[in-house]
Amino acid sequence: MFITGYAMMAGAAERLVLGYDSFGNICGRKNTPVKGAPLSGQDMTNKKYVFFLNSCSLEMQSLKISSLSLCVSSCPQEQLNSLEDLQSFARNNGSCLCVYNLNISSYTLDPKAAELCPTLPVPPSKSFPLFNRCVPQNPECYSKYASVLISTVNEMDVVHRILSGILAGRDTVIGLSVLALAFSFILVLAFRFIRTLLVHTLIALVVFGLLFVSGVLWWLYYDYRNDPSTELETEKENVKFLLGYAIFSTIVTVVLLCLILVLRKRLQFTVQLFRIVGKIIGRIPFLLFQPLWTFLILIVFWIFWVAVLLSLGTAGTAETTSGGQVEYRALSGICYMAWYHFIGLIWTSEFILACQQMTIAGAVVTCYFNRNKNSPPPHPVLSSISVLFCYHLGTAIKGSFLIAILRIPRIVLLYLYTILKQKESACAKCLFKCCFCWFWCLESCLRYFNQHAYTTTAINGTNFCTSAKDAVFILVKNSAKFASISCFGDFILFLGKVFVVCFTVFGGLMAFNYHRELQAWVVPLLLIGFFAYVMSHSFLSVFEVTADAMFLCFAIDMETNDGSAEKPYFVDQELLTFVSQSNKLTGGQKHRSRRPFQDNEGGTELQPMV
């Protein structure tokens, strides 16, 4: 909360993209006065462009452009040769190109007008699409202007360049996030009514998407690498990131293609599995709407997080210089706050997803252990949410915190690998890659056990540690029975997530490729991929959590009851038959030969695991 409040008070994210003049006014908004700067604090709502008074002779001094800059409502599109032309342009277009305290009528009368107005002649200019600057169109002036602007951008801090790219592509990021939402919702409906043909279609689309995105990434990398106009640091970073994306995408494509070939014979079991899961979701139809609430909460949190990040990136103090001009000095220690803020992104996002998993698990547990299958309990989702917020928020916090803790070493290793990459230490790079993969596997395993710990908490009402221990005990004991079933079901769901990410990232590649100038668009593209995966995971996890909770309930049912009249099973016949067929059970497994509990019978309730 301290960092949030500090960032909001000290930062001004609009300065990155909207630009500001020499007097501390941010163009395109209403400003507050700066002490010691009489021309600050002006309303620049209608003045969105930055105009330099001597755009044809810009110079760099201490990483600052020496020319006086103003906020104007429009850039002059024709050359202005005299003060009379400046006066006529101001009256006809409402755009004053002289210092604010010089009245339009005084342009030709004030003896200091030559110092307060732009250097004549003023070349024709157009607004630049990223930083809202008036860029001169005269070839000679443009060459000088571009060289100074390139130097300015290249000297910018990496964080500031990235933040500038995020702000510049914010409309594209929002649009592609909505596209990912649409893809995710369509897949949820498709999995609800899944058929064999749909599984084959999904696999074909995923294969096509992976191959296509990998090919586009390699083509863009080749195109950027051989582009002779690549001068900006952001463009050079784009080339490096594109190579990394292309290699990663190619590896993922090869691995997934191999897995699809190996597991293709178990497609029929997957169709049966999703049919049973769809039957459970049919009893609790509001489960399909649970991801929508999660998505809205995540969107609100992400917008808030990005706003704080942008404020941190622009946190600085305004200092008045000679002549009433204003300069912004960046504050030290901001990078440490940014790292802390990034950890908060991971932890809070995981906490929100954990709450969704516990809500779904609680509703499935309530339905599974209901004695009358034809009469499901009323409002199981609302009941699960109520229990979560009253008793089990600590469990969600602990589980999400463990995930965040395992993510931190991966981030640190990735940062160290980036440093070592420049030193070309092959041994060290190989070691870091192995450690990175090890932490990734550990995180995946922890995420799997956390999910079952949440289900166990919903069944027994125990704390996180006790639930995790009981879940591990049950899973280890029944791993041979359920491993192949749940793994392939999870793999098909993962392919669904890959489908959403592939086509969303492809849309991002096409959109950002048309806006290359001065944009660090590979980082916004990475954010788009991350948001697309989180959204698809949020939606498709309904089936994943439902299936895992169903199998864990089944295992506990088998452990607690014996199928007799005194202790009948809670499981229905369809699920029992499916598990028996998929695992090719032998006659020696006696507890499976018992009859399941009938809809109109009574029986003992499930007791906590000991």
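For this structure, a couple of remarks:
- Restricting segment 103-126 to residues that are of a type outside the set (Phe, Trp, Tyr) and crowded, with 18+ Cβ neighbours inside 10 Å, the residue that is nearest to residue 49 (Cα to Cα) is 125.
- Residue satisfying all of: in segment 98-134; part of a loop (DSSP other than H, G, I, E, B) and under 15 Å from residue 56 (Cα atoms); nearest to the chain's Cα centre (by Cα) among these: 124
- Condition check for residue 145: open to solvent by 40 Å² or more (accessible area, probe 1.4 Å) and either within 30 Å of residue 329 (Cα to Cα) or not in a loop (DSSP other than H, G, I, E, B) (or both): no
- Condition check for residue 322: modelled with pLDDT under 90, open to solvent by 50 Å² or more (accessible area, probe 1.4 Å), over 30 Å from the mean Cα position of the chain (by Cα) and not assigned by the TED database to the domain that holds residue 454: yes
- Residues in segment 221-247 that are among the acidic types (Asp, Glu), modelled with pLDDT under 75 and more than 16 Å from residue 524 (Cβ to Cβ): 227, 231, 233.
- In segment 534-565, the qualifying residues are those that are acidic (Asp, Glu) and modelled with pLDDT of 80 or more, and the one that is nearest to residue 368 (Cα to Cα) is 557.
- Residue list for segment 397-406, restricted to those being out of contact with any Leu (no Cβ under 7 Å at 6 or more places or on another chain) and open to solvent by less than 50 Å² (accessible area, probe 1.4 Å): 399, 400, 404
- Segment 23-39: number of residues that are surrounded by fewer than 23 Cβ atoms within 10 Å (Cβ to Cβ) and part of a loop (DSSP other than H, G, I, E, B): 9
- Residue count, segment 469-491 (criterion: among the aromatic types (Phe, Trp, Tyr) and modelled with pLDDT of 85 or more): 1
Yes/no per residue for (1) at pLDDT below 80; (2) over 25 Å from residue 244 (Cβ atoms); (3) open to solvent by less than 20 Å² (accessible area, probe 1.4 Å); (4) part of a helix (DSSP H, G or I):
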position	(1), (2), (3), (4)
188	yes, yes, yes, yes
198	yes, yes, no, yes
204	no, yes, no, yes
208	no, no, no, yes
212	no, no, no, yes
219	no, no, no, yes
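- Residue in segment 249-262 that is surrounded by 19 or more Cβ atoms within 10 Å (Cβ to Cβ) and either modelled with pLDDT under 80 or not aliphatic (A, V, I, L, M) (or both) present: yes
- Filter result for the condition that a residue is open to solvent by 60 Å² or more (accessible area, probe 1.4 Å) and modelled with pLDDT of 80 or more, over 369, 351, 342: 342
- Failed item in (1) at pLDDT 85 or above; (2) at positive phi; (3) buried (at least 17 other Cβ atoms within 10 Å of the Cβ), with residue 94 passing the rest: (3)
- Every condition in (1) at pLDDT below 85; (2) touching a strand residue (DSSP E or B) at 6+ places or on another chain (Cβ under 9 Å); (3) surrounded by fewer than 16 Cβ atoms within 10 Å (Cβ to Cβ) holds for residue 135 except the one numbered (3).
- Positions within segment 203-215 being touching a residue at least 40 places away in the same chain (Cβ under 8 Å) and under 14 Å from residue 248 (Cβ atoms), in sequence order: 210, 213
The values are calculated or read from the model by the stated rules, or taken from the named source; none is laboratory data. Just so it is clear, the model here is predicted, and its values are computed rather than measured. Heads up, the Cβs are rebuilt from the backbone with ideal geometry, glycines too, and the neighbour counts pull from every protein chain shown. Keep in mind that these areas ignore ligands, DNA and RNA; they rest on the heavy atoms of the full protein, side chains included. Shrake-Rupley method; radii C 1.70, N 1.55, O 1.52, S 1.80 Å.
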